[in-house]
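The next block holds one structure in the form of structure tokens; read it before the comments.
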2 protein chains.
Amino acid sequence: MGNLEAQNLFWIGLVGAVLALLFALFQSRKVLRFSEGTDLMKKIAASIRQGANAYLKRQYTTVVKFFIVMVIILAILAVVKFVSPFVPFAFVTGGFYSALAGFVGMKIATSSNARTAHAAHESLNKGLNVAFSSGAVMGFTVVGLGLLDISVWFIILNYGFHLPFSEIAQTMVMFGMGASSMALFARVGGGIFTKAADVGADLVGKVEAGIPEDDPRNPATIADNVGDNVGDVAGMGADLYESYVGSILATFALGASAYGALGKGWNAMLLPVAIAVVGVLCSILGTFLIRTKEDATQKSLLATLRKGTYTAAALAAILAAPLTWFILGSEYMGVYVAILAGLVAGCAIGYFTEYYTSDTYKPTQTLADSTETGAATTIIGGISLGMKSTAAPIVIIAIAVIVAFLSAGGSLSTNSADYAALFSKGLYGIGIAAVGMLSTLGITLATDAYGPVADNAGGIAEMSGLGEEVRERTDALDSLGNTTAATGKGFAIGSAALTALALLVSYVDVVNGKLAEMGDGHLLDLSLTNPAVLVGLFIGAMLTFMFAAMTMSGVQRAAQSIVVEVRRQFREIQGIMEGKTDPDYAACVDLCTRGALHEMIAPSLLAVIVPIITGLILGAEGVVGLLGGVTVTGFVVAVFMSNAGGAWDNAKKYIEGGKHGGKGSDCHKAAVIGDTVGDPFKDTSGPSLNILIKLCSTVSIVFSTLIVNFNLFK
Amino acid sequence: MGNLEAQNLFWIGLVGAVLALLFALFQSRKVLRFSEGTDLMKKIAASIRQGANAYLKRQYTTVVKFFIVMVIILAILAVVKFVSPFVPFAFVTGGFYSALAGFVGMKIATSSNARTAHAAHESLNKGLNVAFSSGAVMGFTVVGLGLLDISVWFIILNYGFHLPFSEIAQTMVMFGMGASSMALFARVGGGIFTKAADVGADLVGKVEAGIPEDDPRNPATIADNVGDNVGDVAGMGADLYESYVGSILATFALGASAYGALGKGWNAMLLPVAIAVVGVLCSILGTFLIRTKEDATQKSLLATLRKGTYTAAALAAILAAPLTWFILGSEYMGVYVAILAGLVAGCAIGYFTEYYTSDTYKPTQTLADSTETGAATTIIGGISLGMKSTAAPIVIIAIAVIVAFLSAGGSLSTNSADYAALFSKGLYGIGIAAVGMLSTLGITLATDAYGPVADNAGGIAEMSGLGEEVRERTDALDSLGNTTAATGKGFAIGSAALTALALLVSYVDVVNGKLAEMGDGHLLDLSLTNPAVLVGLFIGAMLTFMFAAMTMSGVQRAAQSIVVEVRRQFREIQGIMEGKTDPDYAACVDLCTRGALHEMIAPSLLAVIVPIITGLILGAEGVVGLLGGVTVTGFVVAVFMSNAGGAWDNAKKYIEGGKHGGKGSDCHKAAVIGDTVGDPFKDTSGPSLNILIKLCSTVSIVFSTLIVNFNLFK
């Protein structure tokens, strides 16, 4: 395809966006046709919806303040020509779309929970159907809004301002920061909310008062269900929205610099968009495969979900070949191998995440064994399981990076004459691998976002007394959701790592571009022996550990306030335990909201400020070191924390299933302690680290001109 | 000073070595003049000594096999000229001296424990005196043997083989691997032994049978005391021996390349040795200051120890100025600032370690508060405390590296015309900072090695029924030992990080030298955007996490076997609980020995094999990435684990002191769980990581020629 044709084909991005959004609308209509069940169910669902809405509104109000300050800063930078004048606007649209994706996902999830419970009353399959469709709304909204943001901006810059491709690429790579910032607030705030409510509800309700989970007498139970929505749904949506957009934008920048001189700049930029659009089509096809027989077992349900996602991935893998051939030309088919590397790596990481966290495999069973000698060995066992589980994802990412780099044309031998040119082609391979991994996000995210809905449905079934049978079905759906959530988490981490690497290398690209413009012969020495780079690495590692620590202690403090409140209600409100009086659910929701909003600020600001300060002291070299350090340690710690937490959770469930003495045994008590430690690991700190590593990159890219011009040791 | 004079002044290293060893001998004579007390005390001490000797013998037998295999491999590499013919021999001497240092330290420690207990019977001060002198034997033996190894090899290569300085430097930098390997085995094996015994003894004795710690009825109690010696004494000695030698050898290499062209190669190599010798003198002077009045309180005891170490450091700081001026010349006084940076950083890291782990400060008190809501929040609190505590040491190391680099003449601005020349001067600064930090190791290690002796003395006092008063005194000594141990651990980690960085940059030096020799124009691209470097970073991080996980689960498995054995003895041997029959102590010692030796092999081999395989696949660039990754993550994780473990330990002691309900309360139970989790954190995995990061560097340096010649993507 010629360069000009490629330039004028970007409207397919818009088509993909509209398709995805229409499909989301179609799915949401389908869900809303179902009944919410009894009046009690409607009332409970309304409370959850109300709590979630109230939280999100206040979260957005807090975040808007941050956005206003940032827009003013960016506007000043734009005036002094340190960023492109489009950046402040793009910052706002990125944040807005990211928030919108989370909001829509949360909206549909809180409308589907009671419907899922009611449908499960009829059959397991109907329950699955409602919950999965709700997940699909979220999945396709994220993808659709992502493509919409990119395409509209592209059309404005191309047809409105007639910028050359290289300038579009260099400008648009700065557009990720809005989405990243929004995502971080959503993830951290939501993560603290959900775990504060969960831990607080469990510590007093289950442990002290001895009432079951989701018991309506527990004042924190609504807050707990609200938490599932604001943390797992809205937070997850914002996270993956960001990876999706970030990987495409980074690939724009890398493509422009690798293929610009070859006269294929537009082509190299079109390819990621085209792959994303094809991914939307394949994902839609995949969802139609998710149909089950009426007598389905849980295992066959999982097989059905898998059939949908794997078929979509396989289809995308097949179609990417002619697409690459058509857009880049037959001599660049190595790029296709890079796309495949990303797709395969995503699936492989998902598999290993499941291996380490599911109780059908040995690691979690061994962890359950370690409860025999008490809580201490349970904790040591979980920590060492989590640490060991980092090896497989690292090896997979390592292989994917090397394969993508080499097959896309890069060379690791510095003897090559045109090392630099080959090198930038190779880097484009890393970017496109990330795009490949995320291409079928629509359906992957659907299976992932289905989990919290099923979880909520179980809570509503319990609270509205729907009976043992329905609760069993919602438990089956929930347990299936735990498996897909584990795979989804692995996928989110893997894609975040690849996206962060793509952003890291495009940061270097951007800085080198600035230096060439300034023309003072100043070059970056990014060698690892450069103390600025080395120290940057250390600072990056510190950022990961500080961030993880702050989010964890945020949960602890917020949970502490819930514990006090629930104890107070049990003490002061007469008749709660007899079921005569309703507890004050709203007070707990409000406390969680305030706690989460209060605790999310410091770690989020840390992520924005540390890269800038590091840059102002150590220059761009220090920033590159920081990005390397935070990406590597953030990835490893995220995998460690998510998998340790997941394994503790499932070891507890495994014991509750009757092993090691079952519920109430000493082993179960030890397992509950493990699970409680794992809660902030897997649902707050771990997933937030995904965003931390991307936000550091996007912040650095936006502030690159400032850093290049002002730093202490320049 | 002229170059020739410098060349012929290296005999002062030998003088320093002899002085240190004589002083160690003097101290050991002093200790041995004290009485071991009653017959029962003698008997118990003999059992501990016997167990420790038996363990060390078997450990050495296992390690010898590894050494034989390695020597054969190195001999083959020497024959094909891939390493210098001296390397196999130096590998053996390094390992031998390292083992000898550990052995002597352990020998004197097991001879001093009963003597300390008996002396404490007379007065607190006498007890301190014996225990500290025992620590001094270890401290000065380590320093003396380190200087001896370096000086003798230097003299052989200089006067025997008449090698030029650059060749001596390039050869001797390869000599660290023997000491590193030995140290790793000692640390991992000893660390697993000590914690398997400790955890095993506590889980059955304290928790199940309800008998106090160190109760003679507990079959694992002798093993527990043996563990203090083989882990904390022998392991620590081997660890710091290695940092000491490694930092000097790395500085040789960096000095030769930075100052060779300036005609000051010998001078730059003499300086680290001279500083080490001055450090020996200052340390000896410092020990004489450690004298107390008879009515000393614990606080004044700590002040006394501090007076000794700080005076030695201050003295060394003062004397280093004329020394630098005399050896390098007045135009290079920036190097002196680098030495100071190292010395100050060592003290500062020690201070922050104490801040985060001592119960006189807020972090540990807050951790004790979190026991109020149970074990789960205690664990979360400890983990987040440990993670937060990484910030200060990282910032300190970062500042020390930048200050050392810049003041020694390095430049961070790539605009400088002679960037490369300045750069190598700066790197020399990093090496000499590590030497500065370690210069007063004699006395620092003495205060550190004193701890386990006091711990053992307490155990002997308890077992031989010396009465409440003596036990109180030994407890005071032990508690003082915990404080100095915390400071010592921070110091060990800080020096390991600086030494590893110095080794990392000298690795690059060595490889660049080889490439220049080969003259094929092949250059290293160590840029962080090079996928080989990036992937190396990930592999390095993986190594840290795998290693930590393996050592932790090693402890868990070994402890499990002790639990089974102790339960068996309680069940099968009649009359243990009534105190009528002695339990079979030897069986537990034997089990710990076998467990430790079995579990130490896999993680140790991992540390040797992964850097070589990474090199064979990704080349020297991948190895540099790996070294960066393992140094940064290893440092952070070591600080995290050591400090979390230390804080849990002291939070427990704080509660035992009467806070939060005191002994036996629910808070205490939660704190005991925290402490048990912390045991392998702070005494096995954490400290072993110090060695891991250095061993990876020394292995890489030795195998550099192989890697440069053979790798997959060359």
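The values are calculated or read from the model by the stated rules, or taken from the named source; none is laboratory data. Keep in mind that what you see is a predicted model, and the values were worked out from it rather than measured. Neighbour counts run over all protein chains shown; Cβ positions are idealised from the backbone, glycine included. To get the accessible areas, we keep the full protein, side chains included, count just its heavy atoms, and leave off ligands, DNA and RNA. Shrake-Rupley method; radii C 1.70, N 1.55, O 1.52, S 1.80 Å.
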- Query: To the nearest 0.05, how large is the calculated FRET efficiency for B:ALA261 and B:PHE161 if R₀ is 22 Å and r is the Cβ-Cβ distance?
  - Reply: 0.45
- Note on the structure: Rounded to 0.05, the calculated FRET efficiency for the beta carbons of A:GLU213 and B:GLU572 at R₀ = 45 Å is 0.55
- For segment B:3-709, what is the accessible area per residue in Å² when the probe is 1.4 Å? 30 Å²
- Cα gyration tensor of segment A:1-95, axes a ≥ b ≥ c as square roots of the eigenvalues: rounded (a/c below 1.5), prolate (a/b > b/c) or oblate? oblate
- Carbon plus sulfur fraction of accessible area for the protein assembly as shown, probe 1.4 Å, in percent: 64 percent
- Query: Dipole of segment B:185-344, Cα-centred, from +1 at each Lys and Arg C-beta and -1 at each Asp and Glu C-beta, to the nearest 20 debye?
  - Reply: 700 debye
- Item | chain B - mean residue ellipticity at 222 nm from DSSP helices (-39,500 (n - 2.57) per run, n ≥ 4, rounded to 500) | -28000 deg cm²/dmol
- Roughly how big is the A-B contact, given as buried accessible area in Å² (both sides, 1.4 Å probe, nearest 100)? 7200 Å²
- Note on the structure: Listed by chain and number, the aspartates and glutamates with an alpha carbon less than 19 angstrom from that of B:LYS126, same-chain partners under 8 positions apart left out, are B:GLU36, B:GLU294, B:ASP295, B:ASP448, B:ASP455, B:GLU462, B:GLU468, B:GLU469, B:GLU472, B:ASP475, B:ASP478
- Can you list, shortest first and in nm, the gaps between the label point of B:LYS362 and those of its counterparts in the other copies, using a point 7 Å from Cα in the C-beta direction? 4.8
- Item | With Cα atoms, 0 to 90° folded angle of helix A:236-259 axis to chain A main axis | 10 degrees
- Message: Placing the label point 7 Å from Cα along the Cα-to-Cβ direction, what are the distances from B:PHE96 to the equivalent spots in the other copies, shortest first, in nm to one decimal?
- Response: 7.7
- Task: Calculate one ³J(HN,Hα) per residue across segment B:14-31 by plugging θ = phi - 60° into the Karplus curve 6.51 cos²θ - 1.76 cosθ + 1.60, and present them in order as whole Hz with x for glycine and proline.
- Result: 5, 4, x, 4, 5, 4, 4, 5, 4, 5, 4, 4, 4, 5, 5, 4, 4, 5
- Item | Compactness of segment B:556-714 - radius of gyration and Dmax, Cα, Å | 22.1, 71
- Could you give me the radius of gyration and the Dmax of segment B:383-429, taking only the C-alpha atoms into account and expressing both in angstrom? 14.7, 48
- So what's the gap between the Cα centers of segment A:593-630 and segment A:328-400, to the nearest angstrom? 28 Å
- With charges set only on the Cβ (+1 for Lys and Arg, -1 for Asp and Glu), what does the dipole of the protein assembly as shown come to about its Cα centre, in debye to the nearest 20? 780 debye
- Note on the structure: Cα-only Rg/Rh for segment B:653-714 with Kirkwood Rh rounds to 1.47
- Item | Förster radius 51 Å - calculated FRET efficiency between B:TRP325 and B:ALA46, Cβ distance, rounded to 0.05 | 0.45
- Query: Which is the longest run of chain A containing none of the GluC sites (Glu not before Pro) found in DSSP loop states (not H, G, I, E, B) with at most 15 other C-beta atoms within 10 Å?
  - Reply: A:295-577
- Along segment A:211-218, Karplus-curve 3J(HN,Hα) (6.51, -1.76, 1.60; θ = phi - 60°) to the nearest Hz, with x for Gly and Pro, reads 9, x, 5, 6, 5, x, 6, 7
- Message: Going through the cross-link list B:LYS206/B:LYS362; A:LYS652/B:LYS682; B:LYS195/B:LYS682, which pairs have a Cα-Cα distance over 18 Å in this structure?
- Response: B:LYS206/B:LYS362; A:LYS652/B:LYS682
- Message: With bins 10 Å wide starting at 0, give me the P(r) of chain A over every alpha carbon pair, in whole percents.
- Response: 3, 16, 27, 27, 16, 8, 2, 0, 0
- Query: Which of rounded, prolate, oblate describes segment B:201-322, given a ≥ b ≥ c as roots of the alpha-carbon gyration tensor eigenvalues and a/c under 1.5 marking rounded, otherwise prolate only if a/b is larger than b/c?
  - Reply: oblate
- Among the aspartates and glutamates, which have Cα under 18 Å from the Cα of B:LYS81 when same-chain residues fewer than 8 positions away are ignored? B:GLU167, B:GLU517
- Does anyone have the angle between helix A:334-357 and the longest principal axis of chain A? Alpha-carbon axes, 0 to 90°, nearest 10? 20 degrees
- Query: Which whole number gives the average count of other chain Cβ atoms within 10 Å of the Cβ atoms across peptide B:391-398?
  - Reply: 5
- Accessible-area loss of at least 20 Å² in the complex relative to the chain alone (1.4 Å probe) applies, within segment B:185-232, to B:LEU203
- Item | At 7 Å out from Cα toward Cβ: A:LYS42 inter-copy label distances (nm, ascending) | 9.2
- Item | Sorted largest first, extent of segment B:29-73 alpha carbons per principal axis (Å) | 51, 22, 5
- May I ask you to list the residues of segment B:450-477 whose amide nitrogen lies under 18 Å from a point 7 Å from Cα along the Cα→beta-carbon direction of B:ASP582? B:459-466
- Ordering B:LYS57, A:LYS489, B:LYS42, A:LYS694 from largest to smallest accessible area (1.4 angstrom probe), what's the sequence? B:LYS57, B:LYS42, A:LYS489, A:LYS694
- Query: Rg to Rh ratio, the protein assembly as shown, alpha-carbon atoms and Kirkwood radius?
  - Reply: 0.98
- Note on the structure: For segment A:574-642, shape from the Cα gyration tensor axes a ≥ b ≥ c, cut at a/c of 1.5 then a/b versus b/c, turns out oblate
- Compare the Cα positions of A:GLY235, A:SER180, A:VAL273 along the charge dipole of segment A:125-275 (+1 at Cβ of Lys, Arg; -1 at Cβ of Asp, Glu; about the Cα centre) and return the one farthest towards the positive end. A:VAL273
- For q = 0.10, 0.14 Å⁻¹, what log10 I(q)/I(0) does segment A:501-647 give under the Debye formula with an equal point scatterer on each alpha carbon and no solvent? -0.54, -0.79
